[in-house]
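Undergrad: Got a structure for you, written out below as structure tokens; questions coming shortly.
The values are calculated or read from the model by the stated rules, or taken from the named source; none is laboratory data. Quick caveat: nothing in here was measured; it's all calculated off a predicted structure. Quick reminder, even Gly has a Cβ in these numbers, built from the backbone with ideal geometry, and neighbours come from all protein chains shown.
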Amino acid sequence: MNTDDLSYLLNDLNDAQRQAVAAPPDRQRVLAGAGSGKTRVLVHRIAWLIQVEQASPYSVLAVTFTNKAAAEMRGRIQSLLGQHLQGMWVGTFHGLAHRLLRAHWQEAGLPEHFQILDSDDQHRLIRRVIKDLNLDEQRWPPKQAQIFINSRKDEGLRPQNIQANGDLFLATQRNIYAAYEAACQRAGAIDFSELLLRALDLWRNHPGLLEHYQRRFRHLLVDEFQDTNAVQYAWLRLLGQSGDSLMVVGDDDQSIYGWRGAKIQNIFQFCTDFPDARTVRLEQNYRSSATILNAANAVIAHNQERLGKELWTEGSQGEPIALYAAFNEYDEARYVTEQIRQAIGRGLARQDIAILYRSNAQSRVLEESLLREGIPYRIYGGQRFFERAEIKNAMAYLCVIHNPHQDAALERIINLPTRGIGDKTLDQLRDYARAHQVSLWTALHQSLERALISGRAASALLGFVQLLEELTQAVQGASLPRLTQILIERSGLWEYHRNEKGEKARTRLENLEELVNAAAAFEQDWDSSETPTPLAGFLAHASLESGEQQAAEHEDSVQLMTLHTAKGLEFPLVFMVGMEEGLFPHQMSLEEPGRLEEERRLAYVGITRAMQRLVMSHAEVRHLYGKEVRHALSRFVREIPSALIHSIRLSGNSGRASGLATSAPRLSESKGTAVAGTELKVGQLVRHALFGVGVLQAFEGSGAHTRVQIKFDTEGTKWLMLSHAKLES
DNA sequence: CGGTCGGCAGTTTTT
DNA sequence: CTGCCGACCG
């Protein structure tokens with residue numbers, strides 16, 4: 001082999017990366033620290049296997065967790081190889097399971113047109129099942145049952161695997177699980193966890209099929225391995241057993257999804273299950289300053305359960321980490337906003353700035369502050385496109401037109417817009433469907449034929465049947481976007497949402513229009529080898545990809561998101577707000593040591609997002625659920641060596657060394673006292689450019705750190721940084 | 001059928 | 001303090 005031609009595969013790799021990439025086909029566990037170039041290793045490894053080891057692209061399977069990660073990997077493989085994927089499978093666990101089940105629906109015991117239930121659909125169905133079992137909804141909340149069922153499935157457990165041993169709770173949950181499973185089977189529906197478990201069972205129950213895929217996928221690569229659950233791991237073990245190469249890439253220190261079934265133990269277990277596996281550590285970091293890495297290393301070192309890794313960089317020390325002790329959450333937001341304003345002033349792009357918080361509720365105050373200062377921002381999280389009610393309604397019409405025997409979709413639209421089919425009628429249909437083991441659609445027809453349903457309800461049902469017939473007629477031969485548009489209009493959905501009042505209604509209509517665009521875009525790059533029709537593909541697409549987080553905003557804006565969402569991203573300037581015991585680590589994680597370690601990993605993830613500058617903040621007083629609470633400084637901050645931290649204290653008392661203890665600010669509020677070094681006096685009237693006229697109530701600190709409290713006529717009482725407030729007497 | 005009121009709970013998120 | 005859900009009423 002002429003190695004000159006292949007130098008591009010290894011040239012910009014460090015030793016550890018090269019070890020991982022350029023090995024002959026083997027089993028490897030790559031422990032990739034934050035910012036150590038793991039995607040690069042995965043992509044180069046694939047290219048190496050193909051270019052050097054002469055592996056067929058057809059024999060390569062690469063698995064990720066999110067569609068975004070899969071798309072990125074596909075793109076990078078293509079640009080590195082300069083060719084299309086040529087039969088390579090690169091996708092999410094769920095996407096691949098879906099593909100398998102579509103191809104082998106009979107062996108998997110599914111109807112050809114099985115539908116995927118999202119967690120919303122699942123919740124409705126479980127609620128229904130609990131009702132049908134005559135259980136008290138108060139005592140057996142659907143939410144709880146949903147969590148029970150999903151976590152059992154994630155562990156690979158069926159109802160028959162659950163031993164209740166006389167435990168009423170377990171026995172009841174198991175019964176709900178069993179009844180739910182029966183309902184799913186009858187409706188030809190499977191939920192997300194089931195997708196994975198079914199695919200696993202498919203292989204377990206059909207050794208011939210398993211063998212086929214084992215022969216095909218000689219090379220297996222897994223991203224974010226620390227996030228795999230028991231079923232996904234079992235899947236990999238089955239498939240990877242006999243392959244030529246297997247590479248799992250992950251970071252035990254970044255395992256933050258234990259609460260949803262991810263088993264960090266899989267990383268440890270791997271070397272037991274594959275005794276010949278090598279472990280490669282990627283510890284050189286290409287993202288952050290040495291200060292930031294040292295802080296991250298120091299924090300994560302407090303965890304017991306880890307394989308051990310220490311990030312290092314050839315880069316410079318960088319700035320110290322700033323720690324701001326805010327008076328309350330408004331002051332915190334004000335400080336962050338002000339820092340952002342200054343950073344932008346120095347020329348930093350807004351999209352290079354991120355504000356990270358533990359829980360979504362923290363975003364509101366930050367938003368208000370940014371809004372006031374006119375700084376554009378973008379919030380991650382919140383509802384995704386395909387999860388919006390109006391979109392789900394429209395998709396339900398598409399679903400029913402595709403196959404009317406899909407109960408979840410039919411239930412959703414049978415009386416939407418309202419057409420006189422009430423709960424009682426629906427209950428009759430459900431009972432019939434259950435008794436005769438048929439779909440709702442069949443139940444509807446047979447009930448009408450057998451005249452089981454009386455006058456008014458019957459004519460309403462008949463009207464619905466006619467509507468569906470009309471719609472089916474109307475969309476004959478139409479393109480996917482046209483079909484979507486016809487359904488939205490002729491079903492009455494458009495009219496229905498147009499008659500809603502309020503700002504929301506307008507957005508809903510816009511979203512429906514956007515859905516037509518999405519359909520058009522989907523049809524453009526629809527792959528006819530995956531689904532028989534564009535419609536079938538679009539339905540699967542909608543349930544497997546909840547939709548990008550509204551990418552519409554192209555304007556350069558500051559990024560707000562939770563610490564969880566930030567995983568995998570990087571920003572030159574990062575703010576971690578709410579660094580308080582009870583908030584972060586969260587109250588609910590304080591009891592169990594295992595949960596606390598996961599919180600600490602979350603802190604590690606947060607810190608390692610920062611490239612150049614990291615600013616942390618905490619509030620002495622915070623309003624939580626309408627109450628004022630005082631939190632101590634987060635232990636995660638205290639675990640950072642104080643030499644790496646520059647504390648910004650309210651009192652402006654710069655004489656003290658960099659100790660972390662933040663003394664309560666000294667408050668001066670006696671009338672007539674002059675604010676140090678200024679003309680202003682407590683009690684006097686002042687004018688603020690934005691908030692208008694107010695009375696100066698108090699001040700604290702001196703010099704550049706002086707803050708004043710002003711009671712505004714219209715805006716309430718605020719603390720402002722004197723140096724930026726631009727007050728007029 | 002749709003609107004309003006009272007009670008209650010209140011992390012993290014992808015598929 | 002919110003926001004959601006269920007109950008109740010017109």
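Undergrad: Filtering the range A:254-303 down to residues that are β-branched (Val, Ile, Thr) and part of a strand (DSSP E or B), which residue is nearest to A:Arg237 (Cα to Cα)? Steps first, answer last, please.
TA: First, pick out the residues of the range A:254-303 that are β-branched (Val, Ile, Thr): A:256, A:264, A:267, A:272, A:279-280, A:291-292, A:299-300.
Then keep just the ones that are part of a strand (DSSP E or B); that gives A:279-280.
Values: A:Thr279: 17, A:Val280: 20 Å.
The selected residue is A:Thr279.
Undergrad: Here is a follow-up. Go through (1) outside the structural domain of A:Phe636 (by TED's automatic domain parsing); (2) crowded, with 23+ Cβ neighbours inside 10 Å; (3) within 21 Å of A:Ala610 (Cα to Cα); (4) not β-branched (Val, Ile, Thr) and name the single condition A:Arg334 misses.
TA: That leaves (1) as the condition not met.
Undergrad: Another question, if that's okay. Please state which one of A:Gly75, A:Gly109, A:Gly91 is surrounded by fewer than 17 Cβ atoms within 10 Å (Cβ to Cβ) and within 28 Å of A:Ala566 (Cα to Cα). Steps first, answer last, please.
TA: On the way: A:Gly109 fails: within 28 Å of A:Ala566 (Cα to Cα); A:Gly91 fails: surrounded by fewer than 17 Cβ atoms within 10 Å (Cβ to Cβ).
Answer to the selection: A:Gly75.
Undergrad: What's the number of the condition A:Phe65 fails, among (1) out of contact with any Phe, Trp or Tyr (no Cβ under 6 Å at 6 or more places or on another chain); (2) under 24 Å from A:His405 (Cβ atoms); (3) in contact (Cβ under 8 Å) with a residue 40 or more places away in the chain?
TA: Failed condition: (2).
Undergrad: Test A:Thr228 against the stated conditions and say whether it is assigned by TED's automatic domain parsing to the domain that holds A:Ala47, at pLDDT 95 or above, among the β-branched types (Val, Ile, Thr) and surrounded by fewer than 20 Cβ atoms within 10 Å (Cβ to Cβ). I'd like the intermediate steps shown before the answer.
TA: Working: assigned by TED's automatic domain parsing to the domain that holds A:Ala47: yes; at pLDDT 95 or above: yes; among the β-branched types (Val, Ile, Thr): yes; surrounded by fewer than 20 Cβ atoms within 10 Å (Cβ to Cβ): no.
Taking the combined requirement at face value, the residue does not satisfy it.
Undergrad: Specify which of the listed residues (A:Glu514, A:Glu495, A:Glu469, A:Glu489) is out of contact with any Gly (no Cβ under 6 Å at 6 or more places or on another chain) and modelled with pLDDT under 90. Please lay out each step first, then the result.
TA: Working: A:Glu514 fails: modelled with pLDDT under 90; A:Glu469 fails: modelled with pLDDT under 90; A:Glu489 fails: modelled with pLDDT under 90.
Within the list A:Glu514, A:Glu495, A:Glu469, A:Glu489, the selection yields A:Glu495.
Undergrad: Given the condition hydroxyl-bearing (Ser, Thr, Tyr), within 16 Å of DNA strand B (Cβ to nearest atom) and not in a helix (DSSP H, G or I), answer yes or no: does some residue in the range A:426-447 qualify? Please lay out each step first, then the result.
TA: Filtering the range A:426-447 down to residues hydroxyl-bearing (Ser, Thr, Tyr) leaves A:432, A:439, A:442, A:447.
Now drop any that are not within 16 Å of DNA strand B (Cβ to nearest atom), which leaves none.
No, the conditions are met nowhere in the range A:426-447.
Undergrad: Could you list all residues from the range A:110-123 that are outside any loop (DSSP other than H, G, I, E, B) and either more than 16 Å from DNA strand C (Cβ to nearest atom) or under 18 Å from A:Leu398 (Cβ atoms) (or both)? It would help to see each step written out before you state the result.
TA: Initially, the range A:110-123 is screened for residues outside any loop (DSSP other than H, G, I, E, B), giving A:115-117, A:119-123.
Those that are outside any loop (DSSP other than H, G, I, E, B) and either more than 16 Å from DNA strand C (Cβ to nearest atom) or under 18 Å from A:Leu398 (Cβ atoms) (or both): A:Gln115, A:Ile116, A:Leu117, A:Asp120, A:Asp121.
Undergrad: If you don't mind, there's one more thing I want to ask. In this structure, is A:Tyr377 of a type in the set (Phe, Trp, Tyr), away from DNA strand B (no atom under 13 Å from the Cβ) and not assigned by TED's automatic domain parsing to the domain that holds A:Ile486? If you could, list the steps in order and put the result at the bottom.
TA: Working: of a type in the set (Phe, Trp, Tyr): yes; away from DNA strand B (no atom under 13 Å from the Cβ): yes; not assigned by TED's automatic domain parsing to the domain that holds A:Ile486: yes.
Yes: the conditions hold for A:Tyr377.
Undergrad: Got at least one residue in the range A:90-99 being within 16 Å of DNA strand B (Cβ to nearest atom) and free of Cβ contacts under 8 Å to residues at least 60 places away in the same chain?
TA: Of all residues in the range A:90-99, those within 16 Å of DNA strand B (Cβ to nearest atom) come to A:90-99.
Keeping just the survivors that are free of Cβ contacts under 8 Å to residues at least 60 places away in the same chain gives A:90-91.
Yes; the residues of the range A:90-99 include at least one that is within 16 Å of DNA strand B (Cβ to nearest atom) and free of Cβ contacts under 8 Å to residues at least 60 places away in the same chain.
Undergrad: Has the range A:380-397 got any residue that is within 30 Å of A:Ala536 (Cβ to Cβ), part of a helix (DSSP H, G or I) and more than 25 Å from the chain's Cα centre (by Cα)?
TA: Yes, the range A:380-397 contains at least one residue that is within 30 Å of A:Ala536 (Cβ to Cβ), part of a helix (DSSP H, G or I) and more than 25 Å from the chain's Cα centre (by Cα).
Undergrad: Are any residues in the range A:390-427 surrounded by fewer than 15 Cβ atoms within 10 Å (Cβ to Cβ) and either of a type in the set (Ser, Thr, Tyr) or within 19 Å of A:Leu544 (Cα to Cα) (or both), and if so, which ones?
TA: Of everything in the range A:390-427, just one residue is surrounded by fewer than 15 Cβ atoms within 10 Å (Cβ to Cβ) and either of a type in the set (Ser, Thr, Tyr) or within 19 Å of A:Leu544 (Cα to Cα) (or both), namely A:Thr418.
Undergrad: Residues that are closer than 25 Å to A:Asp276 by Cβ: find the strands (runs of 3 or more DSSP E) completely inside the range A:1-109 holding 3 or more of those.
TA: Working: elements: A:27-32, A:60-64, A:89-92.
In the range A:1-109, A:27-32, A:60-64 are the strands (runs of 3 or more DSSP E) which contain 3 or more residues that are closer than 25 Å to A:Asp276 by Cβ.
Undergrad: Follow-up question, since we're still on this one. Given A:Val222, A:Val248, which one is away from DNA strand B (no atom under 16 Å from the Cβ) and crowded, with 23+ Cβ neighbours inside 10 Å? Break it down stepwise before answering.
TA: Values: A:Val222 fails: away from DNA strand B (no atom under 16 Å from the Cβ).
Exactly one of A:Val222, A:Val248 is away from DNA strand B (no atom under 16 Å from the Cβ) and crowded, with 23+ Cβ neighbours inside 10 Å, namely A:Val248.
Undergrad: Exactly one condition in (1) out of contact with any strand residue (DSSP E or B) (no Cβ under 9 Å at 6 or more places or on another chain); (2) of a type outside the set (Asp, Glu); (3) under 28 Å from A:Trp203 (Cβ atoms) is false for A:Phe192; which is it?
TA: Condition not satisfied by A:Phe192: (1).
Undergrad: So A:Leu462 passes all but one of these: (1) part of a helix (DSSP H, G or I); (2) under 36 Å from the mean Cα position of the chain (by Cα). Which condition number does it fail?
TA: (2)
Undergrad: Moving to a separate point now. Any idea which residue in the range A:126-157 is farthest from DNA strand B (Cβ to nearest atom), counting only those that are of a type in the set (Lys, Arg) and in contact (Cβ under 8 Å) with a residue 24 or more places away in the chain? First the steps, then the outcome.
TA: Kept after step one, since they are of a type in the set (Lys, Arg), are these residues of the range A:126-157: A:127-128, A:131, A:139, A:143, A:152-153.
Imposing the further condition that a residue be in contact (Cβ under 8 Å) with a residue 24 or more places away in the chain reduces the set to A:128, A:152-153.
Working: A:Arg128: 17, A:Arg152: 15, A:Lys153: 11 Å.
Looking at residues that are of a type in the set (Lys, Arg) and in contact (Cβ under 8 Å) with a residue 24 or more places away in the chain, I get A:Arg128.
Undergrad: Would you point out which residue out of A:Ala540, A:Ala457, A:Ala520, A:Ala536 is touching a residue at least 40 places away in the same chain (Cβ under 8 Å) and touching a Ser or Thr at 6+ places or on another chain (Cβ under 7 Å)?
TA: Numbers: A:Ala457 fails: touching a residue at least 40 places away in the same chain (Cβ under 8 Å); A:Ala520 fails: touching a Ser or Thr at 6+ places or on another chain (Cβ under 7 Å); A:Ala536 fails: touching a Ser or Thr at 6+ places or on another chain (Cβ under 7 Å).
Going through A:Ala540, A:Ala457, A:Ala520, A:Ala536 in turn, just one is touching a residue at least 40 places away in the same chain (Cβ under 8 Å) and touching a Ser or Thr at 6+ places or on another chain (Cβ under 7 Å): A:Ala540.
Undergrad: May I ask you to say which residue of A:Ala230, A:Ala179, A:Ala187, A:Ala199 is more than 20 Å from A:Asp118 (Cα to Cα) and touching a residue at least 40 places away in the same chain (Cβ under 8 Å)?
TA: Working: A:Ala179 fails: more than 20 Å from A:Asp118 (Cα to Cα); A:Ala187 fails: more than 20 Å from A:Asp118 (Cα to Cα); A:Ala199 fails: more than 20 Å from A:Asp118 (Cα to Cα).
The conditions single out A:Ala230.
Undergrad: Here is a follow-up. Go through the range A:1-56 and count every residue that is of a type in the set (S, T, N, Q), closer than 17 Å to A:Leu246 by Cβ and under 31 Å from the mean Cα position of the chain (by Cα).
TA: Step one: list which residues in the range A:1-56 are of a type in the set (S, T, N, Q), which gives A:2-3, A:7, A:11, A:14, A:17, A:19, A:28, A:36, A:39, A:51, A:54, A:56.
In the following step, the residues that additionally are closer than 17 Å to A:Leu246 by Cβ were identified as A:19, A:28, A:56.
Now narrow it down to the ones that are under 31 Å from the mean Cα position of the chain (by Cα): A:28.
So the answer is 1.
Undergrad: Scan the range A:568-578 and give yes if some residue there is more than 20 Å from the chain's Cα centre (by Cα), modelled with pLDDT of 95 or more, within 13 Å of DNA strand B (Cβ to nearest atom) and closer than 26 Å to A:Phe327 by Cα, otherwise no.
TA: Yes - at least one qualifying residue is present in the range A:568-578.
Undergrad: So which of A:Ser59, A:Ser7, A:Ser36 is of a type in the set (Gly, Ala, Ser) and without any contact (Cβ under 8 Å) to a residue 24 or more places away in the chain?
TA: After ruling out the rest, the residue left standing is A:Ser7.
Undergrad: Restricting attention to strands (runs of 3 or more DSSP E) lying wholly within the range A:588-649, give those where 2 or more residues are buried (at least 22 other Cβ atoms within 10 Å of the Cβ) and more than 16 Å from DNA strand B (Cβ to nearest atom). Steps first, answer last, please.
TA: Values: elements: A:610-624, A:627-629, A:645-648.
Per the criteria, A:610-624.
Undergrad: Let me ask something else. Look through the range A:100-114, keep the residues that are within 14 Å of DNA strand B (Cβ to nearest atom) and under 17 Å from A:Leu539 (Cβ atoms), and return whichever of them is modelled with the lowest pLDDT. Lay out the reasoning, then the answer.
TA: So the first thing to find is which residues in the range A:100-114 are within 14 Å of DNA strand B (Cβ to nearest atom), and the list is A:100-102.
If we keep only those that are under 17 Å from A:Leu539 (Cβ atoms) as well, we get A:101-102.
Working: A:Leu101: 96, A:Arg102: 93.
Among them, the one singled out is A:Arg102.
Undergrad: Next question. Quick check on A:Ala519: is it surrounded by 13 or more Cβ atoms within 10 Å (Cβ to Cβ), in contact with a Pro (Cβ under 8 Å, 6 or more places away or on another chain) and assigned by TED's automatic domain parsing to the domain that holds A:Leu416?
TA: So A:Ala519 fits the description; yes.
Undergrad: Would you say A:Arg600 is in contact with a His (Cβ under 8 Å, 6 or more places away or on another chain), in the same structural domain as A:Ser359 (by TED's automatic domain parsing) and within 16 Å of DNA strand C (Cβ to nearest atom)?
TA: Numbers: in contact with a His (Cβ under 8 Å, 6 or more places away or on another chain): yes; in the same structural domain as A:Ser359 (by TED's automatic domain parsing): yes; within 16 Å of DNA strand C (Cβ to nearest atom): no.
No: the conditions fail for A:Arg600.
Undergrad: Which condition number does A:Gln138 fail, the rest of (1) within 16 Å of DNA strand C (Cβ to nearest atom); (2) surrounded by fewer than 18 Cβ atoms within 10 Å (Cβ to Cβ); (3) within 28 Å of A:Tyr233 (Cβ to Cβ) being met?
TA: Single failed check for A:Gln138: (3).
Undergrad: I'd like to know if the range A:484-500 contains one or more residues that are within 16 Å of DNA strand C (Cβ to nearest atom) and surrounded by 12 or more Cβ atoms within 10 Å (Cβ to Cβ).
TA: Looking for residues that are within 16 Å of DNA strand C (Cβ to nearest atom) and surrounded by 12 or more Cβ atoms within 10 Å (Cβ to Cβ), one finds at least one in the range A:484-500, hence yes.
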